[in-house]
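The values are calculated or read from the model by the stated rules, or taken from the named source; none is laboratory data. Just so it is clear, the model here is predicted, and its values are computed rather than measured. No Cβ is skipped: glycine too gets one built from the backbone with ideal geometry, and neighbour counts run over all protein chains shown.
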Amino acid sequence: MKTADAIGANADELHALVEKFFAATFTTDNPIVTEAIKRMLAAGGKRLRPRITLLAAQACGGRALEHLHLAAYMELIHVATLIHDDVVDNAATRRGVNATAVDYGNRVSVLAGDYLFAWIFKNVTFNYPAPIPNLLSATLADICDGEVLQLAALRNLDLPLAAYVEIARKKTASLFAVSAQCGAIMGGGQSHEVTALHRFGEAFGVAFQMKDDLLDMTADERSLGKPAANDLGERKTTLPLIAALAAGNGGFRAQVRHFYDADENDAIPAIVDGIEREGGLAATRAQIDRFADQAKAALEPIAQGAAKRELIKLTEALQS
């Protein structure tokens, strides 16, 4: 394995480090949970959260190899939330394979997610000093709060942009923010660097969620790893729809209301066409640029170097 100094801050090589770590190291005391989690990990994923953890540590002078466990915990928290999400959403696929609940059932899936959370926090509290355990606990509360807020907003055609951003901040951006923050802390960052990287992660995470919502309406099922326009099928009110409703006429709102009140999804292609026609996709791209620019601006206090360049590169990928 390369040394951290040889690896530098190349995000692709950090990704490979994380993959090798999961393949060689991850296990729990419960074989069913281990099998379910390894299956989800093997299905792929960008591993952005652990990569950001390692890059943040490096940006503050730390070495990647010393923080692989911490980075892995960030991804495993994400995996546990996905397992629970698929139960809540009654999803059939995730990352191009069966959702965990399809193969293991809802009861085992919920318990596997719970077990994984407990296993992560047992290890974190044993191996990491304050405030790392407290930060991760608060983040998990934020994630759950965001999911509940999203459920409460189902079918709400009057959801304000600010409310949508708050949901995105809690359910998605909070884990990106704490990944960067904890990486910075364990990398020896000064207080202003830790604050800067937390702000970076939060703005990055909001932009990431917006990009995810955009891709849900513009990408195909094969590239998404789950059904296209899935958010509309679940009657979620995401940014493209919010923006289209704000700019559209009463006829489009009536069309969406009829669709949301119906029990069938045949009208989804027409709704997607309407969202694009009313400017919802273009407005979403503009908001992605706005938050991505905020993320890059947040990095101003961080010293120039390879890690900072990689964080900027990851952010600019959201704008493509």
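Tally up the residues in region 278-306 that are part of a helix (DSSP H, G or I) and at pLDDT 95 or above, please.
Within region 278-306, residues that are part of a helix (DSSP H, G or I) and at pLDDT 95 or above number 19.
Looking at region 33-46, is at least one residue among the β-branched types (Val, Ile, Thr), surrounded by fewer than 24 Cβ atoms within 10 Å (Cβ to Cβ) and either in contact (Cβ under 8 Å) with a residue 60 or more places away in the chain or closer than 27 Å to Leu151 by Cα (or both)? Talk me through it step by step, then tell me what you get.
Pass one, region 33-46, residues among the β-branched types (Val, Ile, Thr): 33-34, 37.
Among the residues that remain, those that are also surrounded by fewer than 24 Cβ atoms within 10 Å (Cβ to Cβ) are: 33-34.
From the residues that got through so far, the ones that are either in contact (Cβ under 8 Å) with a residue 60 or more places away in the chain or closer than 27 Å to Leu151 by Cα (or both) too are 33.
Yes, some residue in region 33-46 is among the β-branched types (Val, Ile, Thr), surrounded by fewer than 24 Cβ atoms within 10 Å (Cβ to Cβ) and either in contact (Cβ under 8 Å) with a residue 60 or more places away in the chain or closer than 27 Å to Leu151 by Cα (or both).
Would a scan of region 181-200 turn up a residue that is of a type in the set (Val, Ile, Thr), crowded, with 23+ Cβ neighbours inside 10 Å, modelled with pLDDT of 95 or more and under 15 Å from the mean Cα position of the chain (by Cα)?
no
Mind listing just one residue for me: the one in region 202-235 that is under 16 Å from Ala267 (Cα atoms) and within 17 Å of the chain's Cα centre (by Cα) and, of those, modelled with the lowest pLDDT?
Asn230
Of the residues Ala283, Ala298, Ala207, Ala219, which is hydrophobic (A, V, I, L, M, F, W, C) and surrounded by fewer than 18 Cβ atoms within 10 Å (Cβ to Cβ)? Explain how you work it out, then say what you get.
Numbers: Ala283 fails: surrounded by fewer than 18 Cβ atoms within 10 Å (Cβ to Cβ); Ala298 fails: surrounded by fewer than 18 Cβ atoms within 10 Å (Cβ to Cβ); Ala207 fails: surrounded by fewer than 18 Cβ atoms within 10 Å (Cβ to Cβ).
When all the criteria are applied, what remains is Ala219.
Applying the selection to region 228-262, what residues are among the β-branched types (Val, Ile, Thr) and touching a Leu at 6+ places or on another chain (Cβ under 8 Å)? Before the answer, list the steps.
Pass one, region 228-262, residues among the β-branched types (Val, Ile, Thr): 237-238, 242, 256.
Thr237, Ile242, Val256, listed by residue number.
Looking at region 249-269, which of the residues that are under 19 Å from Gly279 (Cα atoms), surrounded by fewer than 15 Cβ atoms within 10 Å (Cβ to Cβ) and modelled with pLDDT of 90 or more is farthest from the chain's Cα centre (by Cα)?
Gly251
Can you name every residue in region 108-130 that is within 17 Å of Arg39 (Cβ to Cβ) and either under 22 Å from the mean Cα position of the chain (by Cα) or free of Cβ contacts under 8 Å to residues at least 40 places away in the same chain (or both)? Break it down into steps so the answer makes sense when it comes.
Quick first cut of region 108-130, residues within 17 Å of Arg39 (Cβ to Cβ) only: 108-113, 115-116, 119.
Across region 108-130, the qualifying residues are Ser109, Val110, Leu111, Ala112, Gly113, Tyr115, Leu116, Trp119.
Look at Thr172 and say whether it is of a type in the set (S, T, N, Q) and touching a helix residue (DSSP H, G or I) at 6+ places or on another chain (Cβ under 6 Å). Spell out how you get there, then give the answer.
Numbers: of a type in the set (S, T, N, Q): yes; touching a helix residue (DSSP H, G or I) at 6+ places or on another chain (Cβ under 6 Å): yes.
It is true that Thr172 is of a type in the set (S, T, N, Q) and touching a helix residue (DSSP H, G or I) at 6+ places or on another chain (Cβ under 6 Å).
Quick check, is Ile288 out of contact with any Asp or Glu (no Cβ under 9 Å at 6 or more places or on another chain) and either buried (at least 21 other Cβ atoms within 10 Å of the Cβ) or closer than 30 Å to Leu54 by Cα (or both)? Even if it seems obvious, please write down each step before you answer.
Values: out of contact with any Asp or Glu (no Cβ under 9 Å at 6 or more places or on another chain): yes; either buried (at least 21 other Cβ atoms within 10 Å of the Cβ) or closer than 30 Å to Leu54 by Cα (or both): yes.
So Ile288 passes the test.
Among Leu82, Leu111, which is part of a helix (DSSP H, G or I), closer than 19 Å to Ala177 by Cβ, at pLDDT 85 or above and out of contact with any helix residue (DSSP H, G or I) (no Cβ under 6 Å at 6 or more places or on another chain)? Even if it seems obvious, please write down each step before you answer.
Working: Leu111 fails: closer than 19 Å to Ala177 by Cβ.
So the residue among Leu82, Leu111 that is part of a helix (DSSP H, G or I), closer than 19 Å to Ala177 by Cβ, at pLDDT 85 or above and out of contact with any helix residue (DSSP H, G or I) (no Cβ under 6 Å at 6 or more places or on another chain) is Leu82.
Among the candidates Arg155, Arg51, Arg94, single out the residue that is touching a helix residue (DSSP H, G or I) at 6+ places or on another chain (Cβ under 9 Å), within 24 Å of Ile242 (Cα to Cα) and not hydroxyl-bearing (Ser, Thr, Tyr). Explain how you work it out, then say what you get.
Numbers: Arg51 fails: within 24 Å of Ile242 (Cα to Cα); Arg94 fails: within 24 Å of Ile242 (Cα to Cα).
After ruling out the rest, the residue left standing is Arg155.
Just to be sure I understand, how many residues within region 89-107 are in a helix (DSSP H, G or I) and crowded, with 17+ Cβ neighbours inside 10 Å?
In the first step, residues of region 89-107 are kept if they are in a helix (DSSP H, G or I); the result is 100-107.
After this cut, where a residue has to be crowded, with 17+ Cβ neighbours inside 10 Å as well, the list is 100-101, 104.
Selection size over region 89-107: 3.
Quick one: which helices (runs of 4 or more DSSP H) lie wholly within region 126-194 and hold at least 1 residues that are under 28 Å from Asp86 (Cβ atoms), of a type in the set (A, V, I, L, M) and touching a Phe, Trp or Tyr at 6+ places or on another chain (Cβ under 8 Å)?
Values: elements: 132-152, 161-168, 174-186.
Helices (runs of 4 or more DSSP H) meeting the threshold: 132-152, 174-186.
Give region 23-52 a look and list any residue that's over 19 Å from the mean Cα position of the chain (by Cα), closer than 22 Å to Met186 by Cβ and either outside any helix (DSSP H, G or I) or of a type in the set (Val, Ile, Thr) (or both), or say none.
Across region 23-52, the qualifying residues are Thr25, Phe26.
Would you pick out the residues in region 231-240 that are assigned to a helix (DSSP H, G or I) and out of contact with any helix residue (DSSP H, G or I) (no Cβ under 6 Å at 6 or more places or on another chain)? Show your work before the answer.
Going through region 231-240, the residues assigned to a helix (DSSP H, G or I) turn out to be 231-233, 239-240.
Hit for region 231-240 is Gly233, nothing else.
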